Amino acid sequence: MADDEDQSSKTQDPTERKLRQLREEGNVPSSREVNNLFAILAMVALAGGAAPWAFRKLLEMDAGLLQAAGEVRMDDGAAIGAVLSHVGMTLLLALLPLMLLVLVLGYFSGWIQNGGVFSGKPIQPNLEKISPLAGFKRMFSLKSLAELIKSLVKMAVIGGAMALVMWNHRDMVVGLVDADTVTMLWYLQRLLLWVLGAAVIVMALLAVGDYIFQRMQYIQQHRMSHRELKDEVRDTEGDPHVKGRQRQIRMERARKRMMQAVPKADVVVTNPTHYACALRYKPDDGDAAPTLVAKGVDAVALRIREIAAEHNIPLYEDPPLARELFRSVEIDEAIPIELYEVVAKVMAFVMGLKGKRAAA
């Protein structure tokens, strides 16, 4: 019951990270029908080109052996060895292209489904795979029964298609009784290609349907619960509580550095209570334009005003300018050109205050 409840809670499609992990483990969706389709295509390639070429090579070898039959003595070990070596090399050259073709198409059947997948985990020893009890359960499970029924239906459909092709060519087959060997082989090759072509068409339709089904079943089997999604986010991006605490510490440090810069400001533009923006303008120190050294709202604004009062920094009340500075200018950033004229009035006010203080 617990397993059922756990499976029922997995309602979310697997993430890209989980699919990538499954792929690294060699766990990818695979359709047997696609593999069978490429096996049939290999048979078509063999019947259409590779097999006749290999057959001609073998006939040429047989003809050579028959011609040299009277020249080879059975008690001559070197001659017998040379003949056997020639036969072995001819067989290898004749069969090697066939084997390479089967291997290439077999690999391509897996590549076309999932691309290149290289993992050693599927071939690692697993006691569950060799367990007699587990094997017995697999043999007599509902899934095995469904696979058996599917295989029987598939064989019936493919067999019916191949039988239909042969029935349509029955007159040609009957006419081969009086044909010579070369003509008979040529027509039988054509008939074999027609029969295999019918099987390829049926297998292609089955392969497309089974591939779509296997992909959907794969996604269904590896669905995730909301808890698994949260755990994955925490593993990839970190614990949100820890990240929140780190963000808070960074903000506190930035605010502390900002407050330490307030005594170096020349003026604090206020809202008058909700906003406070401290400006510094010291051309002798390299300031090309007034620079925002601190800003804040509400409690932070109040603390900026308090520090300004402690260090005799003048306050300039201009609500629109204070809001615009807070909105558009970052800390330690010079004011934009469009604010030069307004801020110039502020700096003139500051210079006037400094002049009065100097005169006093």
Exercise. Determine which member of the set D171, D210 is of a type in the set (D, E), closer than 30 Å to Q21 by Cα and modelled with pLDDT of 75 or more.
Key: D210
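Within the stretch 263-280, track down each residue that is of a type in the set (G, A, S) and touching a residue at least 40 places away in the same chain (Cβ under 8 Å).
A265, A276
Here's the yes/no breakdown for (1) modelled with pLDDT of 80 or more; (2) among the hydroxyl-bearing types (S, T, Y); (3) over 30 Å from M351 (Cα atoms); (4) under 44 Å from the mean Cα position of the chain (by Cα):
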site	(1), (2), (3), (4)
W194	yes, no, yes, yes
A199	yes, no, yes, yes
A204	yes, no, yes, yes
Q214	yes, no, yes, yes
R250	no, no, yes, yes
R253	yes, no, yes, yes
M259	yes, no, no, no
Practice problem: Output the qualifying pairs, or none if there are none: Cβ atoms under 6 angstrom, residues six or more apart or on different chains, first residue in the stretch 91-119 and closer than 12 Å to L41 by Cα, second residue modelled with pLDDT of 70 or more and of a type in the set (F, W, Y). | Solution: L105/F38; S109/F38
Quiz prompt | Members of the stretch 214-234 that are part of a helix (DSSP H, G or I), touching a residue at least 24 places away in the same chain (Cβ under 8 Å) and closer than 24 Å to G110 by Cβ | solution = Q214, R215, Q217, Y218, I219
Quiz item: Do any residues in the stretch 248-262 that are without any contact (Cβ under 8 Å) to a residue 60 or more places away in the chain have Cβ atoms under 7 Å from those of residues that are of a type outside the set (A, V, I, L, M, F, W, C) and surrounded by 13 or more Cβ atoms within 10 Å (Cβ to Cβ), where the two are at least six apart or on different chains, and which pairs are they?
Solution: M259/R303
Practice problem: Select from the stretch 249-275 the residues that are surrounded by 15 or more Cβ atoms within 10 Å (Cβ to Cβ) and among the β-branched types (V, I, T) and list them in ascending order. | Solution: V262, V267, V268, V269, T270
Quiz item: Looking at this structure, is M347 in a helix (DSSP H, G or I), among the hydrophobic types (A, V, I, L, M, F, W, C) and modelled with pLDDT of 85 or more?
Solution: yes
Quiz item: Given the conditions (1) buried (at least 19 other Cβ atoms within 10 Å of the Cβ); (2) within 30 Å of A344 (Cβ to Cβ), and given that A289 satisfies all but one, which numbered condition is not satisfied?
Solution: (1)
Quiz item: So, in the stretch 261-272, of the ones that are at pLDDT 80 or above and either under 45 Å from the mean Cα position of the chain (by Cα) or not in a helix (DSSP H, G or I) (or both), which residue ends up farthest from F349 (Cα to Cα)?
Solution: N271
Quiz item: Residues V177, V173, V208: which one is within 23 Å of the chain's Cα centre (by Cα) and of a type in the set (A, V, I, L, M)?
Solution: V208
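Let's see how each residue does on (1) surrounded by 15 or more Cβ atoms within 10 Å (Cβ to Cβ); (2) of a type in the set (F, W, Y); (3) assigned to a strand (DSSP E or B):
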position	(1), (2), (3)
K243	no, no, no
R247	no, no, no
C277	yes, no, yes
V300	yes, no, no
I307	yes, no, no
Y340	no, yes, no
Quiz item: For the stretch 310-332, which residues satisfy the criterion of being under 46 Å from the mean Cα position of the chain (by Cα), under 18 Å from V262 (Cβ atoms) and surrounded by fewer than 12 Cβ atoms within 10 Å (Cβ to Cβ)?
Solution: E330
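The values are calculated or read from the model by the stated rules, or taken from the named source; none is laboratory data. From a predicted model like this one, the values you see are computed outputs, not experimental measurements. Neighbour counts are summed over all protein chains in view; Cβ atoms, including those assigned to glycine, are modelled from backbone coordinates with ideal geometry.
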